[in-house]
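A quick write-up on the structure given underneath.
Just so it is clear, none of the values below were taken in a lab; they were calculated from the coordinates. In this text the structure is predicted, and so the values were computed from the model without any measurement. Note that each Cβ is placed from the backbone with ideal geometry, even for glycine, and that neighbours are counted across all protein chains shown.
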Amino acid sequence: MNSKNAYPVVSDKLPLHIKKGHQLVFSRQDLSSREADLFALMIANMGAADWDGNQTPYYEFTSHNLTGWLNIESKHVGTLLSPVAERLSTRKIGIESKDHKGDLEFQYQPLFKRISYKNGVLTMVPNDLLRTEYIAYNQGFALINTKNFLELKREYSKRLYELLSRFKDQGTHIGKRSLVELKGLFGLLDEKGKLRSDKTSFANNGVFLQRCIRESIHELMANPSTNKELVFYEGPSGNLGYEPFKHGRSIAAIEFKVRWVKKGAVQELNDADAMATIKKLENKRLSQRQELETKELYLLKSAYEHFGRLERVASIEATLEKRNKETTEPQQVTQEVDDFFKKIEELESQFPDSDY
């Protein structure tokens, strides 16, 4: 390869995080589990400086490193990765944009210019037409734990993990998403917004929810690494990890019920402090039969997070969700208030010409 137009980026150490810009995270992409792993390795090693001078970087990975990072035997690296690389070299992603009328549009571009494996080295050359999408972080980005991402087995679990990783900060949330949008994000739709020919079973929303949502949540909860990062809890409908919203009889959208485990004031102290918090507040709740205040629930949640008791954290999250819903719902008008306004109306009827 001409060194004037490209240069290699080589790393012998697995980066801690995959930094993925918002537009790339919310692109339409259909990658298998192994394809997603290879793509993630390239993104994890990519930095904005790699593109300085309008050069197209390329990324090299030795079979020795791939063996450890992808948990495959060294003698099988070429055999296993050859069909994966071939498929990945033809994959496209759909980048969202809007026209002058505000209508949603998608532009599909190949992810790579070239992928090759020779002399025990995997080389990946990204498509320079996607340069902006690869390194644009001004709209925010997902900071994805590389090791945890590679440990996940299912492609849909990996996709959900990176989508949720976009909203780790306090006060940010992935929000309610339509099933149509989610089907696009999970790579089920073609350029015309129709189900791909090999994905027709997902026309049934029940199949989509089971395979892409529920099974992904289950793997994220069962994985010993990701279950220390994420807490899924039940919404009002009793579904673990998500709340469905219907349009007529059909589910049209869902909202994920999930929180990232964050270090709080209790976690920054020691075990004794966390235990003392649990003892005090659980004694108030159970022995004294007193309802905990909202601020006390947050303290108790942090204390359980400190010890990794995420089943307790999930229960507290569900209670907090219920309380937040109750405080934001309009209060029911009492009979006394209703009677009061009726008297005002009766009095007003006696003086029809009175203005404010």
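Structure notes:
- Look at the alpha carbon pairs under 8 Å that are at least 6 residues apart: their mean separation over the length of region 13-151 gives a relative contact order of 40 percent.
- Ranked packing of 107-118, 123-134, most packed first, by mean Cβ within 10 Å: 123-134, 107-118
- Cα gyration tensor shape for region 15-66, rounded if a/c is under 1.5, else prolate or oblate: oblate
- Entry note, the chain: relative contact order of 14 percent, from Cα contacts under 8 Å with a spacing of 6+ residues.
- S225 versus R323: modelled label distance in nm, points set 7 Å from Cα along the beta carbon direction: 3.5 nm
- At an R0 of 30 angstrom, the distance between the Cβ atoms of K113 and E191 translates into a FRET efficiency of 0.90.
- Alpha-carbon centroid distance for the pair region 14-89 / region 117-179, whole angstrom: 11 Å
- Each label point was placed 7 Å from the Cα along the Cα-to-Cβ direction; for K343 and R131 their separation is 7.6 nm.
- Neighbour-count order for M275, M42, fewest beta carbons within 10 angstrom listed first: M275, M42
- Using a Förster distance of 35 Å, the FRET efficiency for E293-N54 (Cβ separation, nearest 0.05): 0.05
- Gained length - S250 relative to V121, 0.36 nm times residue gap less alpha-carbon distance: 41.5 nm
- Prolate/oblate/rounded label for region 167-259 (Cα gyration tensor, a/c 1.5): prolate
- Cα gyration tensor category, rounded, prolate or oblate, for region 1-156 with a/c compared to 1.5: prolate
- Potential extension, L240-E96 segment - 0.36 nm per residue separation minus Cα distance: 48.8 nm
- Kirkwood Rh (inverse of mean 1/r, distinct Cα pairs), region 64-173, angstrom: 16.7 Å
- Here the gap between N145 and V10, fully extended at 0.36 nm per residue and compared with their Cα-Cα distance, gives a gain of 46.6 nm.
- For region 135-183: relative contact order, % (alpha-carbon pairs under 8 angstrom, 6 or more apart): 34 percent
- Set of lysines near K101 by C-alpha distance (under 22 Å), chain-local residues within fewer than 8 positions excluded: K192
- In units of the rule-of-thumb radius 2.2 N^0.38 Å, the chain shows an alpha carbon radius of gyration of 1.26.
- Label sites at H64 and F167, each approximated as a point 7 angstrom past Cα along Cα to Cβ, lie 4.3 nm apart.
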